[in-house]
Structures are given as C-alpha cells and as structure tokens.
Amino acid sequence: MKNSSRRVFMLQVAAGSAVLAAGAAQAQTPPMVNEKDAQPMAMGYAADTTKVDAKKFPKHAAAQKCDNCALYTGKAGAASGPCGIFPGKAVAANGWCSAYAKKA
Ligand code: SF4
C-alpha cells in the first residue's frame, strides 16, 4: 500500500469511527417529548411541573415530577430520561403528565 492510499484508508477509518460514535451518542439520548404533540397534549405533559394547568389537573402537586415517577427510567440527577409512556423519547426530569405514579 502506497503512503497516500494508506493515508486515505486511515482517514476513512477515522471518519467511520466518528459516524459510529455519533450514532451511539444519539441512541443514548433520545429526542425530547414535544409538549405540543398530540399524545403529550392528551396526557397533559409539561416539561416543567410548575407549569401544569391546576384547573385541568387538580390532583397535581408541584412535588410530583418525572424523576420521582415510577415510569421514569432516567439516571438520578440527569436533566431528562426515558419514560414508558413515551417510547423512544425522553421526558424532562422536572416534567409531569397525568399518568404520574409516585415511585415506591
Ligand atoms: Fe413523567 Fe411519569 Fe408522566 Fe412519564 S408517566 S411523563 S415519567 S410523570
């Protein structure tokens, strides 16, 4: 292998590794749930639990948030994480929806 073709090969390997690393990073951080989408709207999802409509959800309490909900599987201290209600998406740790169930 000539030096120039070897160099091209090494650049291709490096570029391929970067693409794989980017793909892995994306797989670890799913897109955030959009409050304006139909399902989150129907569930009363808010990315900030303090912004929940109290008239619509009178049983909501400010202490209820995704990171202390049984359906939240994000890491402790993370700003967001997965939720079983919204597969393939992440919810805000400080979010809330009407399916909230206090973590045991
Ligand atoms: Fe947050 Fe729980 Fe609703 Fe999921 S089910 S959005 S974790 S409050």
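The values are calculated or read from the model by the stated rules, or taken from the named source; none is laboratory data. Everything numeric here is computed off the predicted structure, so don't read it as measured data. All Cβ positions, even for glycine, are placed from backbone atoms using ideal geometry, and neighbour counts span all protein chains on display.
Hey, could you check the stretch 68-80 for residues that are more than 8 Å from the ligand (Cβ to nearest atom) and touching a strand residue (DSSP E or B) at 6+ places or on another chain (Cβ under 8 Å) and say which is farthest from Ala46 (Cα to Cα)? Working first, answer last.
Filtering the stretch 68-80 for residues more than 8 Å from the ligand (Cβ to nearest atom) gives 68, 73-80.
So of that shortlist, the ones also touching a strand residue (DSSP E or B) at 6+ places or on another chain (Cβ under 8 Å) come out as 68, 73-75, 79-80.
On the way: Asn68: 15, Thr73: 17, Gly74: 17, Lys75: 20, Ala79: 14, Ser80: 13 Å.
By that ranking, first place goes to Lys75.
Starting from the stretch 83-104, keep only residues that are near the ligand (Cβ under 7 Å from one of its atoms), then list their pairs with residues that are polar (S, T, N, Q) and part of a loop (DSSP other than H, G, I, E, B) whose Cβ atoms are within a distance under 6 Å, requiring at least 6 positions of separation or different chains.
Trp96/Gln64; Tyr100/Gln64
Going residue by residue through the stretch 89-96, is there one that turns out to be loosely packed, with under 15 Cβ neighbours inside 10 Å and over 12 Å from Met32 (Cβ atoms)?
So far as the stretch 89-96 goes, no, none of its residues is loosely packed, with under 15 Cβ neighbours inside 10 Å and over 12 Å from Met32 (Cβ atoms).
Contact list please: Cβ distance under 9 Å, first residue in the stretch 31-47 and within 17 Å of Ala79 (Cβ to Cβ), second residue modelled with pLDDT under 95, pairs at least six apart or on different chains.
Ala46/Asp53
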